[in-house]
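No value in this document is a laboratory result; all are computed from the given coordinates. Small disclaimer: the values here were computed from a predicted structure and weren't measured. In this analysis, Cβ positions are derived from the backbone assuming ideal geometry, glycine residues included, and neighbour counts consider all displayed protein chains.
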Number of protein chains: 4
Amino acid sequence: MTDLLIVGKRALAAQPFSRLLGAELTEFSAELVEIVVPITEQIKQQNGFVHGGVISYAADNALTFAGGAALGAAVVTSEYKINYLKPGIGAKLIARAMVIHAGKNQVVCRCDVFAVGADGAEILCAAAQGTIVKLPDRSARDV
Amino acid sequence: MTDLLIVGKRALAAQPFSRLLGAELTEFSAELVEIVVPITEQIKQQNGFVHGGVISYAADNALTFAGGAALGAAVVTSEYKINYLKPGIGAKLIARAMVIHAGKNQVVCRCDVFAVGADGAEILCAAAQGTIVKLPDRSARDV
Amino acid sequence: MTDLLIVGKRALAAQPFSRLLGAELTEFSAELVEIVVPITEQIKQQNGFVHGGVISYAADNALTFAGGAALGAAVVTSEYKINYLKPGIGAKLIARAMVIHAGKNQVVCRCDVFAVGADGAEILCAAAQGTIVKLPDRSARDV
Amino acid sequence: MTDLLIVGKRALAAQPFSRLLGAELTEFSAELVEIVVPITEQIKQQNGFVHGGVISYAADNALTFAGGAALGAAVVTSEYKINYLKPGIGAKLIARAMVIHAGKNQVVCRCDVFAVGADGAEILCAAAQGTIVKLPDRSARDV
């Protein structure tokens, strides 16, 4: 495990909401960020699919970590958009995010969220794109 | 309480993830949908603010319900974008969604998410816009 | 005509592409920006409707001017999303943009684009939301 | 030149606004759509860069054509978001769009817009993602 991944895992574990969802950071580099969320009953909506809010969480968080890896600093997601493509069903979600443009204070990333079956087969269930910005200081989100 | 609100509350309660977050539907009409999420420790990120994923959940779900009220049918959110504006702090989140254009099978809505302090003061903390589509049938998200 | 509107009209007239489209700034204040684009043959697509690219231009530019009015500085649009709602037909387009959150270096705005008939009736044909950022200097877009 | 490309070129040429901009379709398949816009004085903004509205036009149109290639039908762009990354400078813009998910009536695509210098070097200047929908009939945009 790289030092960076260890740092990233610690950052994710510091988020109570990520702990609540059992999210795990499995890749954390300037090239790729990967966050895994196990699919349990409690994250579903009324039809037995993963709630869109959880898919959004996975995308949002992967985007943020990708921006953080690129900027090497405390960051927040400024904005993103997401298209839901397929129902989230199976064993787990994997959100994979990549930087497509890094400026000095701002990074634009894309993220694909896959639903992974018990057999390991991956189905693209959402696609996101967003902006991550360096935090001026830890107490302010307002950039 | 209107009949529609009773129906809506039942729909929200049928979502395990919404129950996990303690979300409550407080308005449900063709004019306005309002979803309240109490701010607890477990929905926060590492800096003590509400996790962006929860703000996204609130926006996404309010958009979906607004689309459902307008279309009078089972719906899903097809896509949305969200801008985070201020940290989510205080006693609760309120997501308010409104229809801006209703077609036969598709609705476009906007949603504002407010952070509400113990004194009831509301601060706009996120703004979203998205598309909600009628479900062809209950088993398919792929429109 | 306010001094600010005069300044804004000069800024719009300094854009060759806006001159090509015959765009006109009709409101320019911290509360509202309004850009009018006459509907001519040359801005249409194959079905006789205004090309989506022109509707996007109107939204993008109104968002930028709204951000500029709020920040009182040279700005660029960092990102936006747009939903097309109705075909652009009639005599002119009116894009109206408003600030929903102003930070120190960044502003989030919404914009509605209307198609206006010869009788003055307005139909909402697109809705946009985006982020406008202060330019660090005139030569750099990369923030 | 493939038959499909010939059909596509004819469709683009049928758009007065695309003719005004001198846009050209250089790839048109289910795998890739490419639209080229020569950079001339008339498409610029006040700082000598390509106007954002033209970059949006290129992205929007490439997304639409990619959706049309995938659906094999008359389509419209329902919505998209775009992040501007770098100033549009050089000899031409190239917008490249690809389908990331195709349903029966709806397609989600991504598009990258590059600014190409006189030496052929490409710089990514914008990234977009959007939804393209099949037209119920030629006269209605309202899906």
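Quick notes on this one:
- Annotation note: GluC sites (Glu not before Pro) in the stretch C:1-109 located in DSSP loop regions with a Cβ neighbour count of at most 12 within 10 Å are C:Glu31.
- Whether chain B is rounded, prolate or oblate, judged on the alpha carbon gyration tensor where a/c under 1.5 counts as rounded: prolate
- Restricting the trypsin sites (Lys or Arg not before Pro) of the stretch B:91-130 to loop positions (DSSP other than H, G, I, E, B) with no more than 11 neighbouring Cβ atoms within 10 Å leaves B:Lys104.
- Average beta carbon contacts from partner chains per residue of C:95-103, 10 Å cutoff: 3
- Taking amide H as placed 1.01 Å from N in the peptide plane, C:Ala74 has its amide H under 5 Å from the amide H of C:Leu135, each at least 5 places away in sequence or on another chain.
- Per residue of peptide C:39-51, the mean number of Cβ atoms on other chains within 10 Å of the residue Cβ is 5.
- Straight Cα distances below 29 angstrom link D:Lys9 to the lysines C:Lys44, C:Lys81, C:Lys86, C:Lys92, D:Lys44, D:Lys81, D:Lys86, D:Lys92, D:Lys104, D:Lys134, with same-chain residues fewer than 8 positions distant left out.
- With the largest listed first and rounded to whole Å, the semi-axes of the equivalent ellipsoid of the protein assembly as shown from the Cα gyration tensor are 35, 26, 25.
- The mean sequence distance of close C-alpha pairs (under 8 Å, at least 6 residues apart), as a share of the length of chain D, puts its relative contact order at 22 percent.
- Shielding by partners, peptide B:19-32 (average Cβ within 10 angstrom, other chains): 1
- Between the stretch D:49-108 and the stretch A:57-90, the alpha-carbon centres lie 22 Å apart.
- Label geometry 7 Å along the beta-carbon vector: B:Lys104 inter-copy distances in nm: 1.5, 5.3, 5.4
- Relative to the longest principal axis of the Cα atoms of chain B, the long axis of helix B:52-71 makes an angle of roughly 30 degrees.
- In this simple spin-label model, placing a label point 7 Å from the Cα along the Cα-to-Cβ direction at both B:Ala73 and B:Thr40 gives a separation of 3.6 nm.
- Global form of the stretch A:64-143, assessed from the alpha-carbon gyration tensor, a/c cut-off 1.5: prolate
- Shortest-first nm distances, A:Leu124 label point to equivalent points in other copies (7 Å, Cα→Cβ): 1.5, 3.1, 3.4
- Between A:Gly68, A:Gly88, A:Gly48, the Gaussian network model of chain A with springs among Cα atoms under 10 angstrom shows the greatest mean-square fluctuation at A:Gly48.
- Between copies, the label points of C:Ala74, set 7 Å from Cα on the Cα→Cβ line, lie 3.2, 4.6, 5.6 nm apart, reported in increasing order to one decimal in nanometres.
- Relative to the longest principal axis of the Cα atoms of chain B, helix B:3-13 runs at roughly 70 degrees.
- Estimated vicinal HN-Hα couplings, Hz - the stretch D:90-96 in sequence order (Karplus 6.51, -1.76, 1.60; Gly, Pro = x): x, 8, 7, 9, 10, 9, 10
- The ranking of C:Asp3, D:Asp60 from fewest to most other beta carbons within 10 Å of each one's beta carbon is C:Asp3, D:Asp60.
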